[in-house]
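The values are calculated or read from the model by the stated rules, or taken from the named source; none is laboratory data. Just so it is clear, the structure is predicted and the values come from calculations on it, not from any experiment. Ideal geometry is used to build each Cβ from the backbone, glycine not excepted, and the neighbour counts take in all protein chains shown. For accessibility, only protein heavy atoms count, side chains too; no ligands or nucleic acids. Shrake-Rupley method; radii C 1.70, N 1.55, O 1.52, S 1.80 Å.
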2 protein chains.
Amino acid sequence: MLKFDLLKTDAPEGDYLGSHARRGRLTLNHGVVETPIFMPVGTYGTVKGVAPSSLEDMGAQIILGNTFHLWMRPGQEVMKSFGGLHGFEQWNKPILTDSGGFQVWSLGAMRKITEDGVTFASPVNGDKLFMSPEVSMQIQTGLNSDIVMQLDECTPYETNGHLTTEAEARKSMEMSRRWAVRSKDEFARLENPNALFGIVQGGMFEHLRQESLEVLVEMDFPGYAIGGVSVGEPKAEMLQIMAHTPHRLPAHKPRYLMGVGTPEDLVQGVADGVDMFDCVMPTRNARNGTLFTRYGDLKIRNARHKTDHQPLDTTCTCYACAGRPVDTPAGRTGVSWDAGGRDGFSRAYLHHLDRCGEMLGPMLATIHNLHYYLNLMREVREALDAGRFGAFRAQFKADRARGV
Amino acid sequence: MLKFDLLKTDAPEGDYLGSHARRGRLTLNHGVVETPIFMPVGTYGTVKGVAPSSLEDMGAQIILGNTFHLWMRPGQEVMKSFGGLHGFEQWNKPILTDSGGFQVWSLGAMRKITEDGVTFASPVNGDKLFMSPEVSMQIQTGLNSDIVMQLDECTPYETNGHLTTEAEARKSMEMSRRWAVRSKDEFARLENPNALFGIVQGGMFEHLRQESLEVLVEMDFPGYAIGGVSVGEPKAEMLQIMAHTPHRLPAHKPRYLMGVGTPEDLVQGVADGVDMFDCVMPTRNARNGTLFTRYGDLKIRNARHKTDHQPLDTTCTCYACAGRPVDTPAGRTGVSWDAGGRDGFSRAYLHHLDRCGEMLGPMLATIHNLHYYLNLMREVREALDAGRFGAFRAQFKADRARGV
């Protein structure tokens with residue numbers, strides 16, 4: 001099931017003329033998701049470096065799983081024995097799974113795409129495997145994810161230096177469209193109780209995007225994604241598609257921009273009418289020592305942090321920056337380590353952990369970055385609720401430019 | 001400060017003739033420690049793979065820091081700027097630091113030991129450095145650890161195939177004795193407000209151990225350690241020293257067996273009169289996929305776990321085995337994933353995480369293994385409190401032999 005309530009749309013305030021931003025509420029089989037929302041990516045049945053309890057603590061409402069990866073390991077039989085991904089990974093809130101199409105496509109020379117589907121060799125054990133709209137629906141039904149994605153072909157921006165032409169983008173988009181029909185039929189045949197999203201393709205060509213979305217809207221999916229962005233194109237082209245497509249999708253259905261992006265991209269995406277985002281950036285960057293903060297990004301490996309007692313972000317309430325809330329049963333006893341009365345970990349300590357290759361470094365960095373993204377979306381929702389999204393955007397931009 | 005209350009000693013029950021086991025309570029500058037206790041090892045200012053909040057949740061009362069490592073990174077200046085290790089690593093319960101002697105000694109050909117101290121090249125940047133009893137006391141005073149260890153020379157069991165002779169063990173023990181005097185003098189001169197432990201050496205020679213302990217007892221340290229065990233000797237020789245030394249130390253002072261060992265070693269050590277243990281085994285083995293359980297050890301990489309829905313240990317209450325307690329603010333909502341109503345992670349899931357090289361694998365394994373060790377000591381304390389340590393030992397042995 002899927003129910004989407006459009007709670008509020010952005011309205012003009014002062015000099016601000018408004019945007020396509022909206023505040024919504026998504027009800028799925030495993031719970032309610034307040035939108036706009038960022039969804040942490042849990043590729044192999046785990047959001048890298050963080051326990052489900054920490055995800056709960058930081059307010060994650062829905063996470064992703066990757067169908068292709070979970071098909072390879074642990075495989076469908078193990079997954080089905082747990083009744084799906086929720087039981088396997090111990091996450092009882094909503095889950096969205098991708099179709100596996102992007103990963104199969106990424107295998108490059110290792111795979112062959114035909115109208116039927118994609119033939120490829122398993123990167124795990126070399127087995128010859130076949131992915132099709134039907135197979136994707138079958139695997140995702142086994143995963144029992146709350147939101148299932150249609151199998152699509154992710155139209156590349158360029159291939160070995162060759163920019164995708166309009167004809168190529170059209171051909172690809174049209175196959176995705178036919179795969180949307182087959183996905184929908186198989187999803188229905190399997191009596192999957194969850195919700196299937198269609199994916200708009202069309203490369204960097206607005207009229208192809210328009211064609212794609214019209215056909216998909218006609219098919220009446222419960223939600224829509226914008227795919228084929230953040231695939232190596234210049235930022236300006238990505239922003240162009242973001243400005244074009246989301247707000248043209250049906251107002252009363254959720255809109256999901258796949259694989260995007262930086263904090264700035266997310267805020268822009270909300271303004272463009274997007275409700276849902278996912279990206280590996282907060283988790284991957286955390287493991288590489290790049291931390292997001294209200295006042296810009298911070299590279300913890302930089303020697304200047306070696307002696308710095310400040311937390312990553314003085315306004316952040318995550319476990320890394322503020323320690324454990326004192327009201328939890330095993331909470332701290334009010335001892336604070338710096339003059340400001342804060343109880344979190346210092347930049348000096350995080351710098352030290354990174355330098356020593358200690359696991360706690362990426363663990364704390366992951367908690368911080370995911371908390372930053374989730375909190376950013378919380379602030380976006382609050383701004384929309386309060387009718388002050390325009391002011392929020394201006395403040396966000398000024399804060400991020402300030403520097404840490 | 002250090003205050004040690006001897007609460008209870010083991011007494012005969014039924015056929016059981018009693019042991020040297022004792023139940024105690026250690027009061028230190030940062031809090032109270034119930035003994036016997038296991039102390040997780042936090043080499044570089046972090047117990048590898050686990051956040052301080054998790055250590056609190058699993059009931060850790062005191063952790064270790066390694067003086068040598070922390071001297072190298074982040075160095076004394078950073079540490080002092082935080083007022084010591086507690087503030088740096090955000091752990092406000094007691095900390096014990098070793099002297100750095102063992103690590104310097106482990107440098108092998110890279111160091112030169114004289115009566116004065118040890119000259120060596122920094123393994124981090126090649127700087128020529130000097131460690132002495134005075135230097136060790138100065139660094140540990142900067143760390144502000146609740147329990148400080150004297151600098152000693154760790155007498156090896158063998159060196160390149162040559163077994164340490166009695167004459168060599170005596171010479172080494174006698175130098176450690178002289179270093180104990182210098183450590184005590186410098187500790188006093190620095191007006192360190194914490195507690196300094198002497199370390200009994202003497203290799204595998206009982207009469208040397210006896211000599212060593214008598215001199216140290218004469219010096220009236222607030223606590224004593226047994227060093228130079230678990231350094232490559234056969235298990236029988238280690239057990240012989242464990243049977244010899246601890247119970248000959250003063251009854252009203254805490255006794256710490258350094259670097260030991262398996263669960264079986266800990267229970268034997270308690271019977272031999274030891275109050276405090278530390279070992280890297282639970283954390284290191286966790287990262288290598290070896291899990292301790294009530295019913296024996298388990299290698300999570302074994303293919304037989306691939307489809308197993310059971311938790312690691314059905315009697316374990318750690319986060320990995322039992323999930324989060326439902327009474328915490330963000331606790332689970334009572335949804336359980338297996339027939340037994342349990343809410344933890346399955347062996348199949350942990351096997352999967354290990355196979356995929358996911359960080360959450362060693363994270364959960366570390367939580368489990370440390371919880372196992374800490375809980376084992378909790379059960380030991382409860383048995384001693386209830387006057388049934390003999391029965392506990394028999395049950396422990398039978399359970400561990402059962403197999404998982």
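Table for the structure above
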| quantity | calculated |
| --- | --- |
| Strands (runs of 3 or more DSSP E) completely within the stretch A:1-74 that count 2 or more residues being within 14 Å of A:M276 (Cα to Cα) and away from every other protein chain (no Cβ under 14 Å) | A:2-9, A:22-28, A:31-35, A:37-39 |
| Number of positions in the stretch B:84-113 that are part of a loop (DSSP other than H, G, I, E, B) and open to solvent by 50 Å² or more (accessible area, probe 1.4 Å) | 1 |
| Residues of the stretch B:212-247 that turn out to be in contact with a Lys or Arg (Cβ under 8 Å, 6 or more places away or on another chain) and assigned to a helix (DSSP H, G or I), as a count | 8 |
| The one condition in (1) assigned to a helix (DSSP H, G or I); (2) open to solvent by less than 10 Å² (accessible area, probe 1.4 Å); (3) within 22 Å of B:T46 (Cα to Cα) that A:L266 fails to fulfil | (3) |
| Subset tally (residues that are open to solvent by 20 Å² or more (accessible area, probe 1.4 Å), in contact with a Gly (Cβ under 9 Å, 6 or more places away or on another chain) and either at pLDDT below 95 or not in a helix (DSSP H, G or I) (or both)) for the stretch B:357-369 | 1 |
| Meets criteria (within 11 Å of chain A (Cβ to nearest Cβ) and either at pLDDT 95 or above or in contact with a helix residue (DSSP H, G or I) (Cβ under 7 Å, 6 or more places away or on another chain) (or both)) for B:R378 | no |
| Among (1) open to solvent by 10 Å² or more (accessible area, probe 1.4 Å); (2) more than 30 Å from A:R347 (Cβ to Cβ) - the single one A:K235 does not satisfy | (2) |
| Some residue of the stretch B:158-171 being assigned to a helix (DSSP H, G or I) and among the β-branched types (V, I, T) | no |
| Subset of the stretch A:289-312 [touching a Leu at 6+ places or on another chain (Cβ under 8 Å), away from chain B (no Cβ under 12 Å) and not in a strand (DSSP E or B)] | A:I300, A:L312 |
| Number of positions in the stretch A:4-19 that are out of contact with any Leu (no Cβ under 6 Å at 6 or more places or on another chain), crowded, with 18+ Cβ neighbours inside 10 Å and not acidic (D, E) | 1 |
| Single match in A:V148, A:V124 (criterion: in a strand (DSSP E or B) and of a type in the set (V, I, T)) | A:V148 |
| Filtered residues of the stretch B:34-47 (kept if crowded, with 23+ Cβ neighbours inside 10 Å and touching a residue at least 60 places away in the same chain (Cβ under 8 Å)) | B:T35, B:P36, B:I37, B:F38, B:M39, B:P40, B:V47 |
| Index of the failed condition, B:G261 passing every other in (1) small (G, A, S); (2) in contact with a Cys (Cβ under 7 Å, 6 or more places away or on another chain); (3) open to solvent by 10 Å² or more (accessible area, probe 1.4 Å) | (3) |
| Residue count for the stretch A:350-399, restricted to those that are within 14 Å of A:N285 (Cβ to Cβ) and aromatic (F, W, Y) | 2 |
| Subset of the stretch B:176-202 [in contact (Cβ under 8 Å) with a residue 60 or more places away in the chain, small (G, A, S) and not in a helix (DSSP H, G or I)] | B:A195 |
| Residues of the stretch A:84-128 that turn out to be touching a residue at least 40 places away in the same chain (Cβ under 8 Å) and over 20 Å from the mean Cα position of the chain (by Cα), as a count | 7 |
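Residue by residue, here is whether (1) within 14 Å of another protein chain (Cβ to nearest Cβ); (2) open to solvent by 10 Å² or more (accessible area, probe 1.4 Å); (3) at pLDDT below 95 holds:
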site: A:P329; (1), (2), (3): yes, yes, yes
site: A:G340; (1), (2), (3): yes, yes, yes
site: A:A348; (1), (2), (3): yes, no, no
site: A:R355; (1), (2), (3): yes, yes, no
site: A:H371; (1), (2), (3): yes, yes, no
site: A:E382; (1), (2), (3): no, yes, no
site: A:F389; (1), (2), (3): no, no, no
site: A:F396; (1), (2), (3): no, yes, no
